[in-house]
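Here is the structure we will look at.
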Amino acid sequence: MQESSHTSESQVVQLTRGSRVVAFLSWTQPTTPRTPTPRKRPVLGASAGMAGLLSCVLLCSVLTCCGASASPPPRSSSSTPSFVATPLTDMGSQTYKGLTGGLYPDGNTVPPAQAAAGLARAGRVQPLDADGSPTGKIVLLSISMSNGSAEWCGATTCLSTQPSGQSFMRQAAASPAVNHQTLMIVNGAHGGQVAARWTSPSSPDYGVVRDQQLAPLGLTEKQVQVIWLKEADAYPTVALPARPGPQAANRVPDASTLETELGDILRALRVRYPNLQEVFLSSRIYGGYASSPIKDVSRLNPEPYAYESGFSVKWVIQAQIEQMANRGAVTDARAGDLNENTVAPWVAWGPYLWADGTVRRSDGLVWLRSDFASDGTHPSSSGIAKVGTALLNFFLDSPYTRCWFRAPAQHAQCALSPEGVASR
């Protein structure tokens, strides 16, 4: 994404439960994992009907008690996007152009073998010094473009020493539940750093992260052990095909290109950060409001490409799951080799951030026009707050992160739920 100033503002009401942030206006965080519905592995280009709209559900009572509206404003004819879809997390038995939903191959929970590997990786996260020896700091780093930089740190260009607004870094800094003793949260995202900029370990953008973000804090690449990765491509033009045919065969969908780039990025991250253990991926927020008087800004990453980037993330994570289940043999040539024991870090979903505009997701998430800057692409202060809250709650509660992200006094463990299945 290209750099953009945030000019659209809206009031943000922060709701908390103890030390945990629950919501900013229309955001509600689910408290229990959703029961997955088994789905078939997606087949690119298979024929099927378009996914139907998800029925709206009420916000949890905590929002109503704080005076928030129980339902979002209806879409008006002037703001109703032509693209509609169902979030991957809510698709159930529905399909999108023949593709099944869910974050993982069989629903929204991490498969048992991948979950066990993730817990083992979480157990290896420990404070390291500048040379990578035990004792020192744990570095949690973001790799993303302008949207990710704003959501992580507060602005499209943001120094890690100056987080602002209700970004993830600012919320984490203010939370007593977060480990402030050994954890260092660093912003490696930057405006204009789209997926293709990170695919090679020799990319100069990694040098910028090293010299301008890590070094001023007295940190090195050997201390980076966990990464949040959110990427997209600027100016996409080829949507996923509705049916197989000559045009689909001759034009590679941008979602497939992004899957390949994400695979390349994961391998590059393993080279740059030799002690990297875990990478959590998120796809784009809603892109249906994208419009701007500035030439080409409205085409940065509109719908359906913002939504379809969720399939890119799903596929690259699924590629690692299936490769490891296949004794390390590559099963998805587009994603490439993602063996977590040799060339790639362990990967899983971070927060899934897409919702269909004002159509309320099952957990309450909506994206209002006021959640975006004037270009309809970059988040405004309220949009930044929504993603910042999602990230904070994810790292506080995930079974793969809470043992090193939470304050030591809380004695949090990285372990499976009582049901024996780790949720997203």
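Sorting 342-349, 305-312 by average packing, meaning the other beta carbons within 10 Å per residue, from highest down gives 305-312, 342-349. Annotation: amide H-H contacts under 5 Å for CYS414 (H modelled 1.01 Å from N, sequence separation of 5 or more, or interchain): CYS403.
Order of 129-136, 84-91 by packing, highest average Cβ count within 10 Å first?
Values: 129-136: 12.2, 84-91: 22.9.
Taking the mean over residues of other Cβ atoms within 10 Å, the ranking is 84-91, 129-136.
Shown here are the Rg and Dmax of the Cα trace of region 168-246, at 17.4, 57 Å. Computed from label points 7 Å out along Cα-Cβ, the spacing between THR135 and PHE83 is 5.2 nm. Peptides 318-326, 272-280 ranked from most to least packed give 272-280, 318-326, packing being the mean of other C-beta atoms within 10 angstrom over each peptide's residues.
Rule-based calculations on the coordinates, nothing more; no lab input. Predicted model, so just to flag it, every value in this text is computed and none were measured. FYI the Cβ positions are ideal-geometry reconstructions off the backbone, even for glycines, and counts take in every protein chain you see.
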